[in-house]
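Every number in this text was worked out from the coordinates using simple rules, so none of it is lab data. Note that the structure is predicted; figures quoted are calculated from it, not measured. Counting neighbours? That spans all protein chains shown, and the Cβs are built from the backbone with ideal geometry, glycine included.
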């Protein structure tokens, strides 16, 4: 089993056309297991709303895309901020010097890897943030950048 962890920089590409959007569409079309921190939902909704306020999107499109993101999140494997995850995120912050939200995403992805998904399970960090991807790689996570090519790994 492959579990794809999307941070907001990758997930937003599902709703906004930008570099890497096609690769994220292919990932969702393939129907794999996808995970994200609850923080990711907040970030995506915030980005969509800000784009609407800046008139980069029509108001109706903003509302529709926010509902789509909330529906998508319903089927994601969710990671919530717990005291243990907060501790791990603080360790990631000290070790990697990432931005705050990125440390929460890295800690969330590491938490998923810690869980028992079976001996053949792989957790893949999907992000457009090269610093976050570097931190994830340092931690031994598989990584994919949707702006650099296909995201979906062979099963």
Worksheet item: What shape does region 1-87 have by the C-alpha gyration tensor, where a ≥ b ≥ c are the square roots of the eigenvalues, rounded means a/c under 1.5, and otherwise prolate means a/b greater than b/c and oblate the rest?
Response: oblate
Practice prompt. Could you list 24, 12 in order of exposure, starting from the residue whose Cβ has the fewest other Cβ atoms within 10 Å?
Written response: 24, 12
Response to the item:
Most exposed first, judged by fewest Cβ atoms within 10 angstrom, 57, 125, 1 run 1, 57, 125
Worksheet, complete the sentence: By the C-alpha gyration tensor axes a ≥ b ≥ c (rounded if a/c is under 1.5, else prolate when a/b exceeds b/c, else oblate), the shape of region 51-117 is oblate
Discussion item. To make sure I understand, if each residue's beta carbon is the centre and we count other beta carbons within 10 Å, what order do 16, 36 fall in, fewest to most?
Written reply: 16, 36
Practice prompt. Provide the gained length on full extension for the span residue 46 to residue 130, in nm with one decimal, where the gain is 0.36 nm per separating residue minus the Cα-Cα distance.
Written response: 28.1 nm
Practice prompt. Go through 77-90, 128-141 and give me the packing order, highest mean Cβ count within 10 Å leading.
Written response: 128-141, 77-90
Fill in: Answer label, with Cα extents along the principal axes in Å calculated from the coordinates and candidates (i) 46, 41, 36; (ii) 43, 33, 27; (iii) 71, 32, 22
(ii)
